[in-house]
Amino acid sequence: MCDLIHYRVEDGLALIGLNRAPVNALDQSLRAALINACERAAADITVGAIILYGAQGLFSAGADIKEFGTEACFAEPSLPGTLTRLSEIHKPLVAALGTLALGGGLELALACGYRIGEPGARMGLSEINLGLLPGAGGTQRLPRLIGAESALNLILSGEQIDAERARMLGILDRIATSAEQLLDEARAYAHELIDCGAPARPAEAWPNPAEDLPDDFLARYRVEHEPRWKSRLAPRLVLSALEAACLLPMEEGLVRELTLFKQAEASRQSRALRHVFFAEREARRIPQIEAAVALRKINKIAVIGAGTLGCGIAMNFADVGIPVALMDLDGRTLNRGLERVRENYQLSVKRGKLSAVQVQQRMELLFGTLDYADLSDADLVIEAVCEKMEIKQQVFLSLEKFCKPGVILATNTSSLDIDALAATVSRPQDVIGLHFFTPANVMRLVEIVRCQATAPDVVATAMDIAGRIGKLPVISGNGAGSIGNRMLEPYAREAHRLVLEGATPAQVDAVLTGLDLNMGVFSMLDLAGIDVSFLMREANRAAIAHDQSYCCLAEELYALGRYGQKSGRGFYLYEGRSRTEDKEIVTLAEQLARELNVTRRCIEDLEIHDRCLFTMINEGIRLLDEGIALRASDIDLVWINGYGFPAHLGGPMHYAEQLGLDTVLNRILHYRHVQGEYGEMWFRPAALLERLVAAGKCRIEKI
Ligand code: T1G
């Protein structure tokens, strides 16, 4: 038997081990080897039962994602066909689930009559995360095993569940006493099945999956959940597949499922989400840094600055059991900060996400101090003080005085020059940027800003610790705004300018949320704080000195003390969580437009889309050309995970590729022309964009 499958017959059992590194992805070659092994076992009269297991422990991570969009995806033996054949074998098949069974991997287990898992095994139908639906019987077999409602919730969540929950639902028949005992206990289980003359498959638990549900269950489910799906296709296809499971016999349901799967697999949204999947793995690869570089040990953290951001950063480490010293020079701020952390955790308890014991454990890992001397044993220090270079330099000088050699000195800034900050201390090789996004304990993204002097092991250690706290690290070069905020500048500039020219904040935001962005520019700026963006502009006035007309509205709001949500008024009015338009903004915009001699007019939504997004994309292409961003897919990850750009559009760069780079360039040139002096100043095509279009390229890459 080829090395993709380990095959042996022992004591009346056929043991079939999947052996395709690293995750037993069920590509065409593994499917062929698997079906051959199962046919062999089915035909062997000495075999009374068959056990499928992961030869290296992990059962299977599902279909091979690299095959999607290629002929291999449906090449014979197809996965649906393979699993249907397995389900027809007249001998008991036992799936022994080690470590993970995801997507088609769990569908493979569902095609078996019996399932035993190791205690730590995790399983799920994660296809939805790729803009897909289970396409190898999952939408038809799972509802017949656990009922339509449980199946629907599990498939739409795309989440992994643990072995205990899987057993409770009815997915697992048994849980082995340990991972080491899994195969032995699977053997014992198989022998029991033979001894008691068990059928190849037990009777279906839910022959009619919706039997306990009201007739209009699916219709009501759609009405209740559809708003949250926004324009996503896959959830709607899942619902159709579940409807088939409730109304059609298995064979017809499988045909319907395959039709729906092919529709999802061919969709732009799935292509975008598969792009994101591989982009996240590509982002870990950093040129000139060996994967095997020795990491610095990080056992204790210090965070300087007990404001909202500093507290959020500190929580990330306490959440994973790493002690954190939270320092502030102001006692009231420190106490307020620690109290805010406790309140955040209590909120999680109320939501059932944490227990009181877990909160206590985490709070015990947090140590508040007013004294730099208490930071002497920290391995990584992250400053999150206010966005002023002189203050950050003071912090770094104090850290150099009190912290041990080899400590990593990280700054959270995204607007200041980190090379300049590194030059403050005598160990610039230990300095790096760790830019967290608000709320820092929630947002996945961390921009890791590598400076000229940053040592390779510091970069590697920063990437590793970011992963340990569940973040998605993306490398950026040192430049004002790093990647995300640098692109936010033109994106927000056009939004502000469009309000001067006649649009309203609500209209601009509606165009952007209509594209499925989580928030529009103005609601985002109100959330982050108009005072914060003012300070960021202050720190970088030189870059916009030649024309600040576009931000005059924001400057005016700052002068009026309208800082956004925190002050109850910004671009919108806030009462609690409700947000309403403020007519005063239009009056203010009209007055400023007059002063700036800006002609006001009716603005079309398409203009808002093009000007906000294409200037943002243009800046992203510039970042790639300058080497601040390593690759276009990194930029996509930054905007999806730091700014709520819809993953099912793949990120701004992928979105631009789908629209056509020539379209982006032509629209930029159009506004450069029609916007007169303003257009001449701000609608300059990135040189790389012009080179890519001239070369007829469809992908954004450095040429
Ligand atoms: N196909 C191809 N390659 C895969 C893969 C997959 N399903 N899963 C992982 N890899 C690669 C990954 O790209 C990386 O490669 C290496 O394995 C290690 O992964 C018909 C249609 C399993 C939890 O959604 O969630 O089945 O970068 O770095 O952090 O209904 O990978 O080393 O070259 O992520 O330990 C459904 C996707 C498919 C699971 C492991 N399955 N994978 O995480 O390692 S659709 C999934 C994951 C389907 C059927 C449908 C994670 C993981 P490289 P890694 P990890």
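Between a residue in the range 59-88 that is of a type in the set (A, V, I, L, M, F, W, C) and any residue that is away from the ligand (no atom under 12 Å from the Cβ) and assigned to a helix (DSSP H, G or I), which pairs come within a Cβ distance under 6 Å, given they are 6 or more apart or on different chains?
From residues that are of a type in the set (A, V, I, L, M, F, W, C), the pairs are ALA72/GLN28; ALA75/GLN28; LEU86/CYS38.
Among the residues of the range 475-503, which ones are under 19 Å from SER633 (Cβ atoms) and among the β-branched types (Val, Ile, Thr)?
Listed by number, the residues that qualify are ILE475, ILE483.
Taking the residues in the range 252-300 that are in a loop (DSSP other than H, G, I, E, B) and within 10 Å of the ligand (Cβ to nearest atom) as candidates, determine which candidate is nearest to GLY467 (Cα to Cα).
Of everything passing the filter in the range 252-300, ARG284 is nearest to GLY467 (Cα to Cα).
Select the strands (runs of 3 or more DSSP E) contained entirely in the range 1-114, then report the ones holding at least 3 residues which are closer than 20 Å to ARG174 by Cα.
Strands (runs of 3 or more DSSP E) meeting the threshold: 13-18, 49-54, 93-97, 100-102.
Considering only residues that are at pLDDT 95 or above and within 14 Å of the ligand (Cβ to nearest atom), look in the range 4-21 and name the one that is surrounded by the most Cβ atoms within 10 Å (Cβ to Cβ).
LEU18
So, of the residues in the range 323-355 that are within 28 Å of the chain's Cα centre (by Cα) and small (Gly, Ala, Ser), which turns out to be surrounded by the fewest Cβ atoms within 10 Å (Cβ to Cβ)?
GLY352
Within the range 450-504, work out how many residues are at positive phi and either surrounded by 21 or more Cβ atoms within 10 Å (Cβ to Cβ) or without any contact (Cβ under 8 Å) to a residue 24 or more places away in the chain (or both).
Of the residues in the range 450-504, 2 are at positive phi and either surrounded by 21 or more Cβ atoms within 10 Å (Cβ to Cβ) or without any contact (Cβ under 8 Å) to a residue 24 or more places away in the chain (or both).
Condition first: within 11 Å of TYR7 (Cα to Cα), away from the ligand (no atom under 16 Å from the Cβ) and surrounded by 21 or more Cβ atoms within 10 Å (Cβ to Cβ). Now tell me which residues in the range 34-51 satisfy that.
ALA37, CYS38, ALA41, ILE50, ILE51
Are there any pairs, at least 6 apart or on different chains, whose C-beta atoms fall under 7 Å, with the first in the range 192-205 and touching a residue at least 12 places away in the same chain (Cβ under 8 Å) and under 14 Å from ILE89 (Cα atoms) and the second assigned to a loop (DSSP other than H, G, I, E, B) and charged (D, E, K, R), and if so, which?
Between residues of the range 192-205 that are touching a residue at least 12 places away in the same chain (Cβ under 8 Å) and under 14 Å from ILE89 (Cα atoms) and residues that are assigned to a loop (DSSP other than H, G, I, E, B) and charged (D, E, K, R), the close pairs are ALA200/LYS91.
The values are calculated or read from the model by the stated rules, or taken from the named source; none is laboratory data. Small disclaimer: the values here were computed from a predicted structure and weren't measured. Cβ sites come from the backbone with ideal geometry, for glycine too, and all protein chains shown count toward neighbours.
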